[in-house]
Amino acid sequence: MVQLASGGPSGLLGIGVSGTLWALPSASASANAAPQRLGEGLDGQTPLGVGHGRIAARQRDGALWVLEAGRVGQSSERIAPFAGLLVLPLAVIAVQASAAQHRVVRLEPDSSQTWQRVARSEVAVLPDAGLLQADLDGSGDGGHVVVLGGPNDQRYPHGVLGDRIEATRAYLLERHSLRVMRELTVGEPHVLEDIAPRKVSLGQRDGLLTVRSGPQGGQLLLLDADPAAPNALRIAALGAPLGTANRWLSPTAHGKHWLAVHTPHIGGVLHTYQQEGAQLLARTVRSGVSNHRIGSRQLNLSAWHGQRLLIPDQSGLRLLLLDAAAQWRVVGEHTLPSRVAAMVSLGDSGWVAVLMDDGGVTALAVG
């Protein structure tokens, strides 16, 4: 396997090196359970989108591929490699491939299951942008599309996330028309050194955790909807910068638990954060961990189950299970035969699926 995702008929999906999509046996399946082949010719480097009874993927020729109720639909629209796919009840949101500017598109099926573009954003986004849905205004309607844009390859040429193109803007796009509802522009010399923010709980509404980087390195950033400006996102709180340019931190969050690994490629020190007014105050949890590999777009090297966090050590061969209820004490350890490449939490089951460098997949109980 080269990619995992939760969902599908068995609860766990995988794309093999040949581009075949499989429904993999769940952790509770019998030893004789066999994988189910679902599709062929898919791009294993572009994340799967799963939800509302659909599985969305990028074909190797760049077309959108959608499996729903046993039927396969495709698009004539070409979507960008590496970028995220967001499955909504009536549509799939994707990033349109372009040699000039990449834009967010909304695709819907016609009667023949051909997926057609019905809306496109006016603003340019990262070519490998992740997409998420967040209710930043607390409207209770599921929210709208969050994406990072304003791509810039000159301001901060660090390249820790696969290329030197970094975001200078964050957008909230209306999920039907893709018009800009709210936005934030990051002034020079800073960038948003991230692919997609992480959604966090701010009571009755959502907030976003991401990374701002500049001459003093990376710092954790909390964004939310500005109550004083109906069209703006704002910096609600900032953590202290790491102190030196090209020093980065890799966040992970679940609800009200906000953490980040400082310098995950050189030492890897896990911190937990707490908001106090306009500050995000960090407290050291432990050293010697890493939830990211330098140059990789894969940000999913840790997994949550409730208040428990599964995270690799620096070698990537040992996984540590930390419990927030026990002051982030290690309550379990797992040794792998090959370095971890990705992790997927399997919902409420209490299991995490782990993809390794050798293509193998194992399931670990963390509940």
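Bear in mind these aren't lab numbers, they're just calculated from the coordinates by the rules spelled out. It should be emphasised that the depicted structure is a prediction, and the values quoted were computed from it without experimental measurement. Note that each Cβ is placed from the backbone with ideal geometry, even for glycine, and that neighbours are counted across all protein chains shown.
Applying the Karplus relation 6.51 cos²θ - 1.76 cosθ + 1.60 with θ = phi - 60° to segment 205-218 yields 3J(HN,Hα) values of 9, 9, x, 9, 9, 8, 10, 9, 10, x, x, 9, x, x Hz, where x marks Gly and Pro. Each Lys and Arg adds +1 at its Cβ and each Asp and Glu adds -1 at its Cβ; summed about the Cα centre, segment 21-140 shows a dipole of about 220 debye.
For the peptides 328-337, 80-89, residues were scored by their other Cβ atoms within 10 Å and the scores averaged per peptide; the highest-first order is 80-89, 328-337. Apply 1/(1 + (r/R0)^6) to the Cβ-Cβ distance of residue 333 and residue 283, taking R0 = 25 Å, and write down the FRET efficiency to the nearest 0.05. Once the sixth-power term is evaluated, E becomes 0.65. Only Lys, Arg, Asp and Glu carry charge here, each on its Cβ (+1 for the first two, -1 for the last two); on that basis segment 1-86 has a dipole of about 40 debye about its Cα centre.
Between residue 226 and residue 99, the distance separating the two model label sites (each 7 Å from Cα on the Cα→Cβ line) works out to 3.8 nm.
Return the FRET efficiency for the residue pair residue 26, residue 153: r is the Cβ-Cβ distance, R0 is 41 Å, and the value is rounded to the nearest 0.05. It comes out at approximately 0.45.
Put a dot 7 Å past the Cα of residue 118, heading toward its Cβ, do the same for residue 60, and the two dots end up 3.2 nm apart. Taking amide H as placed 1.01 Å from N in the peptide plane, the amide H of residue 332 sits under 5 Å from that of 321, each at least 5 places away or on another chain. The residue list 361, 22, 180 was ranked by how far each Cα lies along the charge dipole of the chain toward its positive end, using unit charges on Cβ atoms, and 361 comes out on top.
For segment 300-367, the direction-averaged projected area of the alpha-carbon convex hull comes to 4.0 nm².
By the equivalent-ellipsoid construction on the alpha carbon gyration tensor, segment 189-336 comes out with semi-axes of 25, 18, 13 Å, ordered largest to smallest. Our estimate of slack between residue 2 and residue 72, defined as 0.36 nm per intervening residue step minus the Cα-Cα distance, is 23.0 nm.
Magnitude of the charge dipole for the chain, about its Cα centre and with charges confined to Cβ atoms of Lys, Arg (+1) and Asp, Glu (-1), is about 260 debye. Using the empirical formula 2.2 N^0.38 Å as the baseline, the Cα radius of gyration of segment 1-86 reaches a ratio of 1.04. For segment 55-70, the Karplus equation 6.51 cos²θ - 1.76 cosθ + 1.60, evaluated at θ = phi - 60°, returns couplings of 10, 10, 8, 9, 6, 5, 7, x, 6, 6, 10, 10, 10, 8, 6, x Hz by residue, with Gly and Pro reported as x. Across the options 143, 223, 277, the greatest Cα extent toward the positive end of the charge dipole of the chain (unit charges at beta carbon of Lys, Arg, Asp, Glu) belongs to 277.
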